[in-house]
1. List the pairs from K444/K485; K208/K625; K70/K218 whose alpha-carbon separation is above 29 Å, in the order I gave them.
2. Once a ≥ b ≥ c are taken as the square roots of the eigenvalues of the Cα gyration tensor of the stretch 439-574, is the result rounded (a/c under 1.5), prolate (a/b larger than b/c) or oblate (a/b not larger than b/c)?
3. Label point 7 Å out from Q599 along Cα-to-Cβ: which residues of the stretch 620-639 have amide N under 17 Å?
4. Quantify, in whole percent, the carbon and sulfur part of the accessible surface of the stretch 195-303 (1.4 Å probe; protein heavy atoms only).
5. So, R0 is 41 Å and r is the distance between the beta-carbons of E583 and E502; what FRET efficiency does that work out to, to 0.05?
6. Mind checking the full-extension length gain between T532 and D112? Use 0.36 nm per residue of separation minus the Cα-Cα distance, one decimal, nm.
7. Give me the one-decimal nm value for the distance between modelled label points at D425 and K87, 7 Å along each residue's Cα-to-Cβ direction.
8. So what is the accessible area of the chain per residue, in Å², with the probe set to 1.4 Å?
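The values are calculated or read from the model by the stated rules, or taken from the named source; none is laboratory data. Everything quoted here is computed from the prediction, not taken from an experiment. Methodologically, a virtual Cβ is constructed for each residue, glycine included, from the backbone with ideal geometry; neighbour enumeration extends over all protein chains shown. The area values use the complete protein model at the heavy-atom level, side chains included, leaving out ligands, DNA and RNA. Shrake-Rupley method; radii C 1.70, N 1.55, O 1.52, S 1.80 Å.
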Amino acid sequence: MFLFSFLLVAPFAFAAKPAAGWKPVTPEDLRLTAKDLGDAEADAAILFREGVLNDDDNQGTSLRLYIRIKIFNDRGRRFADIELPYKKELGKITDVSARTIKPDGTIIEVADRDIFDKLIFKSSTRTERAKVFTLSGVEPGTIIEYRYRQTYPQGFRYFAFDLQSELFIKQLSYTIQTPFMTNADVRWVTFNVKDEKRFHPAWDGAFKINVEDIHPFKREPMMPPELAVKMWGWLYYSTELEQKPEKYWRDYARRMYYRALGETTPSKAIRQVVASITNPTDSPQDKLAKLYKYVQNEIRNLGDKDKADDADPEGAESSEDFKKNDTADDTLKRRYGTPREINRLFVAMARAAGFEARVIELVTRDENLFHQSFTDAFQFNGEAAVIINRDGALQFFDAGTAYCPAGSLAWEKEAVTALLYGDKDWRFVETPVSDGERNNEDRKLRVTPFADGRVEVQVESKVTGLRALELRNELQGLTREEQRKRILSAARDRLPSATINESSVTISDAVKPPSALSEAYHLTLPQAATVTEKRLFLKPALLTRRDENFLPSATRANNLRFHFAWSESEQAVIETPDGYEIEQVPEAIEVDIGAARYQAKFTRAGDHIIYERKLLVNGINFTPKQYAIVKTFFDRVHQSDRALISFKQK
């Protein structure tokens with residue numbers, strides 16, 4: 001009996017042995033099941049998440065995190081793929097280590113060579129990277145854990161803490177060491193939290209947060225930013241005394257109005273440039289278009305860094321070559337600037353041309369939502385320009401976003417609450433949403449079916465508006481060959497079975513933006529047509545897209561949110577296969593729910609068929625209650641996209 005007991009506990013004893021700073025794994029950890037946590041269907045759970053923030057170091061701020069996760073079933077194995085994102089301009093991630101503890105106590109560590117630094121996203125305004133790695137040997141009953149250090153050399157005044165995850169958190173703890181000597185007040189605010197007291201830090205020589213049993217939030221495709229959904233907290237320093245929102249924002253808007261007024265005073269040089277590129281006979285809209293074009297094309301956009309260390313990919317200029325522009329005149333003379341500096345140059349030039357131009361400040365909806373009750377302007381992370389017409393109407397411009405079309409805002413600045421600087425006439429305004437017709441992808445297809453079921457398609461595609469802006473940012477900095485590969489990759493993702501002629505891929509100049517961005521390629525789909533003894537059937541809508549539902553989930557927990565209103569238009573000229581004749585084409589189809597509309601029609605033109613498809617989505621935000629209507633719409637679109645043309649043998 002003694003021997004039997006020893007065999008049972010020996011693996012746990014081995015696993016419990018601490019090594020290299022890892023915490024011991026207890027028998028209770030290894031025995032824990034999803035049912036023990038109250039959700040038998042849970043894929044995994046966080047046993048603990050521990051963070052130690054040290055802001056009392058003259059080398060900057062550092063946050064050490066240690067996370068342990070229990071895997072309950074095969075679906076939970078996906079949590080073995082770890083991605084630790086960071087913003088390059090703010091700091092870096094170091095000291096990454098990870099390991100797997102199998103149910104029998106076997107430990108598998110992740111080697112340093114298997115931890116990679118990966119580019120996640122890059123645009124003209126920001127660069128996001130991540131440390132990525134995969135833990136091996138993960139199976140139901142496994143425990144995985146990892147730890148890392150995130151450093152911020154410039155320190156911080158505001159620091160965001162995750163208080164919730166898509167997994168159940170059994171125990172959450174943070175220790176926060178703030179500077180010993182500071183004149184600023186240390187403050188704490190939580191968001192999306194029902195019981196604020198539950199997460200309030202306690203002082204014990206350092207600020208400490210200890211909370212147990214935190215239920216998960218649900219991560220879904222096309223949802224609002226996580227900070228708008230999950231529980232999180234902000235620790236920040238502030239000497240601001242005013243806590244009443246109306247007075248705080250009034251004082252801030254006035255103060256920033258006069259500061260911006262000084263920075264955007266039209267200098268002699270600015271007036272000369274405005275006079276040289278506009279004519280007295282120009283209409284107001286023509287003048288604004290010329291000013292906007294000049295700022296977009298003639299002023300180099302350094303992105304969102306005061307010193308653009310990677311602004312010149314060829315290394316012709318070092319980061320020391322770029323200085324901070326204190327005024328719009330500096331930006332004009334140096335011919336480069338950050339998005340903020342370029343935006344203010346546009347405001348100064350518009351003022352020189354006789355317009356009432358102002359700055360608006362906002363929170364971009366790719367990261368968070370604006371909280372008017374939170375009396376601190378640090379939450380703002382972007383700005384744009386507003387022209388106030390004589391009739392009081394507002395026109396919005398986003399000169400600081402490279403390639404953004406005139407009269408538009410980058411998608412993350414649309415449909416948000418913004419603060420319009422002013423003295424007595426300061427106010428909050430809602431930024432507009434661009435019409436979906438402007439953000440269009442238009443495809444022209446030449447379709448040739450064959451009697452063996454093979455279909456050849458020549459594709460010519462053109463994107464406009466925010467679609468073009470999004471694609472341009474993806475292609476920026478790539479060589480022509482890399483751009484071609486990006487187009488090929490996107491086409492293959494839409495149609496995995498297609499064979500694409502790589503030499504056929506062409507793309508318009510992605511650096512100097514025309515009104516649209518165009519691409520073309522030739523593809524072959526081996527079995528796109530269904531062939532029977534006497535007939536051939538073809539689904540033309542599925543020659544450029546997957547045969548699947550756009551919104552597969554039956555219900556939704558979070559709002560459904562698109563980046564921008566959008567549209568698709570498609571025209572396909574379909575040839576009749578040799579030895580066949582047209583037998584039947586479907587009736588015209590139309591589905592309309594107000595916020596979205598779909599149309600498809602088929603026209604005989606001699607021995608050809610003209611297929612025309614149009615999809616317009618003019619809403620960007622739908623609540624869970626509205627989701628059923630939107631899902632039904634897209635289900636009907638998918639059903640309509642499966643409409644068949646039939647040809648019969650002669």
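1. Flagged as over cut-off: K208/K625.
2. oblate
3. Answer for the stretch 620-639: 637.
4. Carbon and sulfur together cover 52 percent of it.
5. The value I calculate is 0.70.
6. Details: separation 420, 0.36 × 420 = 151.20 nm, distance 5.66 nm.
That pair, T532 and D112, stretches by 145.5 nm at full extension.
7. Going from the D425 label point to the K87 one covers 3.3 nm.
8. I get 49 Å² per residue for the chain.
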